[in-house]
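*Asks:* Sharing a structure below in structure tokens format, with a few things to ask.
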Amino acid sequence: MPRSPVRPPPEALGEEVRRVWNANAAFWDERMGDGNSFHRQLLLPALERLLSLSRGERVLEIACGNGQLARWMAGRGVRVVATDLSERLIELARQRTDLRGTAIDYRLLDASDPGALARLGPGAFDAVVCNMALMDMPSIEPLAEAIPSLLPAGGRFVFSVTHPCFNTGDSRKVASATDEGGRFEETLGVEVRHYLSPRTVRGLAMLGQPEPQPYFERPLSLLLGTFLRAGLVLDALEEPAYPSPEPASAPWHSWSRFAEIPPALVVRLRPRPRRGGPAPFRAPPGRPRSPRRRHAGGGGGAGVLGPTRS
Ligand SMILES: C[S@@+](CC[C@H](N)C(=O)[O-])C[C@H]1O[C@@H](n2cnc3c(N)ncnc32)[C@H](O)[C@@H]1O
């Protein structure tokens, strides 16, 4: 994936993110539709397990894009408030949702604006979800600080991101071929040379998108630490990968060929139980834990895989 450092002054970054997502909105909406293969095969099974939604629950979605996950949740009887920074994406999300006759409350909201987050109301949601967007935000502290007050005790915050270790601007997919004593072996892997220092780079979420977008890369300690410091506790974590390598029909650099390397990370956090408060949440027994079990039979889609992030 092409990369170049982004160096506008920090206060201009949020505005630049909005500008780029508005510029890419029509392309993104057309390609994402109601979920591309990366979303449906990799992310959705993990999100479904970690969100554990029940009918009638209230869910806040942060950075909903064209509303594909919001529509999926609403289809399960959940009451969804879906928000995004991009006016154009919110408009497109509404259009797609109106065509279906689904009820979703779409709102324009910058997740780095503490005032806007506070106005959503204390304890207003059973769950907050942010799918593949924290790495698009220059600042995640305001969101982290707002979440404990948006949720009741036992509520959950679930997010997914491009994997901070393997799917970054620095990570390179590499292919090697060796003759192991007469046995020809091809191996695919990921080479990482930069990880610990947070960086801002430009890159592509989807091949062919009109403008590269800024990415704000954080190591795991910083990403998770931001939420832990804000009073949340880590409750579940999945690293979905494609179930088995795709046949050679997929390009060699397609994530669907890397069954041992997860391109995404999906995390669930909960507000830290208060002393003397309600008992910490316990996951119901019998819920499948391994991402692999639900992925059997899935193959990688064409087009949006390849050298892009999702
Ligand atoms: C990769 S897209 C993911 C969209 C959607 N969650 C999905 O999975 O289809 C990233 C989204 O983050 C949104 N975004 C970036 N910064 C944001 C911010 N500060 N507040 C709210 N949304 C933001 C963008 O407008 C874009 O819709």
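The values are calculated or read from the model by the stated rules, or taken from the named source; none is laboratory data. None of the values given here were measured: they were computed from a predicted structure. Cβ atoms come from the backbone with ideal geometry, glycine included; neighbour counts cover every protein chain shown.
*Asks:* Mind checking which residues of segment 84-104 are away from the ligand (no atom under 13 Å from the Cβ) and closer than 18 Å to ALA23 by Cα?
*Replies:* Here is the first cut: in segment 84-104, the ones away from the ligand (no atom under 13 Å from the Cβ) are 94-95, 97-104.
If the condition is that a residue be away from the ligand (no atom under 13 Å from the Cβ) and closer than 18 Å to ALA23 by Cα, then ARG94, GLN95 are the ones that fit.
*Asks:* Restricting to segment 136-166, name every residue that is in contact with a Pro (Cβ under 8 Å, 6 or more places away or on another chain), within 16 Å of the ligand (Cβ to nearest atom) and of a type in the set (A, V, I, L, M, F, W, C).
*Replies:* Across segment 136-166, the qualifying residues are ALA146, ILE147, LEU150.
*Asks:* In addition: In the list ARG79, ARG94, ARG100, ARG19, which residue meets the criterion of being at pLDDT below 95, on the phi < 0 side of the Ramachandran plot and over 16 Å from the mean Cα position of the chain (by Cα)? Reasoning before the result, please.
*Replies:* Values: ARG79 fails: at pLDDT below 95; ARG94 fails: at pLDDT below 95; ARG19 fails: at pLDDT below 95.
On inspection, the qualifying residue turns out to be ARG100.
*Asks:* Could you name every one of the strands (runs of 3 or more DSSP E) located completely within segment 133-240 that has at least 1 residues being charged (D, E, K, R) and surrounded by 16 or more Cβ atoms within 10 Å (Cβ to Cβ)? Break it down stepwise before answering.
*Replies:* Values: elements: 156-162, 172-180, 183-191, 199-203, 213-217, 232-238.
In segment 133-240, the matching strands (runs of 3 or more DSSP E) lie at 156-162, 172-180, 199-203, 213-217, 232-238.
*Asks:* Specify which of the listed residues (ALA25, ALA74, ALA116) is surrounded by 14 or more Cβ atoms within 10 Å (Cβ to Cβ), modelled with pLDDT of 95 or more and away from the ligand (no atom under 13 Å from the Cβ).
*Replies:* Working: ALA25 fails: away from the ligand (no atom under 13 Å from the Cβ); ALA116 fails: away from the ligand (no atom under 13 Å from the Cβ).
It is ALA74.
*Asks:* Separate question: Residue under question is ARG79, and the condition is that it be within 13 Å of the ligand (Cβ to nearest atom) and surrounded by fewer than 18 Cβ atoms within 10 Å (Cβ to Cβ); does it hold? Working first, answer last.
*Replies:* On the way: within 13 Å of the ligand (Cβ to nearest atom): no; surrounded by fewer than 18 Cβ atoms within 10 Å (Cβ to Cβ): yes.
No: the conditions fail for ARG79.
*Asks:* Next question, about the same structure. I need a count of the residues in segment 124-151 that are free of Cβ contacts under 8 Å to residues at least 40 places away in the same chain and in contact with a Phe, Trp or Tyr (Cβ under 9 Å, 6 or more places away or on another chain). Show your work before the answer.
*Replies:* Within segment 124-151, the subset free of Cβ contacts under 8 Å to residues at least 40 places away in the same chain is 142, 146, 149.
If we keep only those that are in contact with a Phe, Trp or Tyr (Cβ under 9 Å, 6 or more places away or on another chain) too, we end up with none.
Selection size over segment 124-151: 0.
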